[in-house]
Amino acid sequence: MTRRYTLLAWTAAGATYLLIVLGAVVRITGSGMGCGDHWPLCNGHLFPPLDDIGTVIEWSHRLVVALVSVLVVALAVYAWRATDPGRQPGLPGVSPPSRAPLVAVALLVLQVLLGAITWRCSRRCSRQRAIL
Ligand code: HEM
C-alpha cells in the first residue's frame, strides 16, 4: 500500500464522517427544503446565495456528497489498478486489498439512492406518511 493510497483512504474516511454528521444536521434542523425543489441545483444555482441557514446546511450536505463520491471512486480505481490479477483467487482480477473500496462504492450508491428517496419523499410522500 503506497503512502498516496493511505492518504486518499484517510481523506475519504474523514470526509465520509463529516458527511454523516452533516446528514444528521440536515435531519435534526429540518433543513431538507433548504435547496427548494431543485436537484442537483440548489434554488436554481450551482453555487446558491448562502443567505439562509437551511440553504447552507442542505447545500453543504450535497457538496460533501459530491466530494465523498469523487474520493471513494478514486480510491476504487486506484486499488483496482494497483491489483495484481494473478495474486489471489476470488473475483476475476480483484484481490482482497481492492475489494474494500469496491464495497465502499456499492455502499455509497446505496446511500445515494436512499438519500434520493428521502429527498423525493419529503416532497411527494406526504399522503403515505400521513397514513403511516
Ligand atoms: C455516506 C453518507 C451519505 C450520503 C452519500 C448521502 C447522500 C444523500 C443524497 C444524494 C441525498 C439527496 C439529495 C439532497 O437532498 O441532498 C441526501 C438527502 C438527505 N440525506 Fe443524506 N447522505 C448521507 C448521509 C446521511 C445521513 C447520515 C443522514 C441523517 C442522519 C442523512 C440525511 C439526509 C436527509 C434528511 C436528506 C433529504 C434532504 C431533503 O429532503 O431535501 N444523510 N443524502
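Residues Cys121, Cys42 in ascending order of nearby Cβ atoms (within 10 Å, fewest first): Cys121, Cys42.
Each Lys or Arg adds one and each Asp or Glu takes one away; over the other residues whose Cβ falls under 15 Å from the Cβ of Leu46, this sums to 0. Scalar couplings 3J(HN,Hα) for the range 59-65, obtained by applying the Karplus form with A = 6.51, B = -1.76, C = 1.60 to θ = phi - 60°, are 5, 4, 4, 5, 4, 6, 4 Hz; x denotes Gly and Pro.
Since every read-out is calculated from the coordinates, none of them should be taken as a lab result. The model shown is predicted, which means the values in this text are computed figures rather than measured ones. Backbone-built Cβ (ideal geometry, glycine too); neighbour counts: all protein chains shown.
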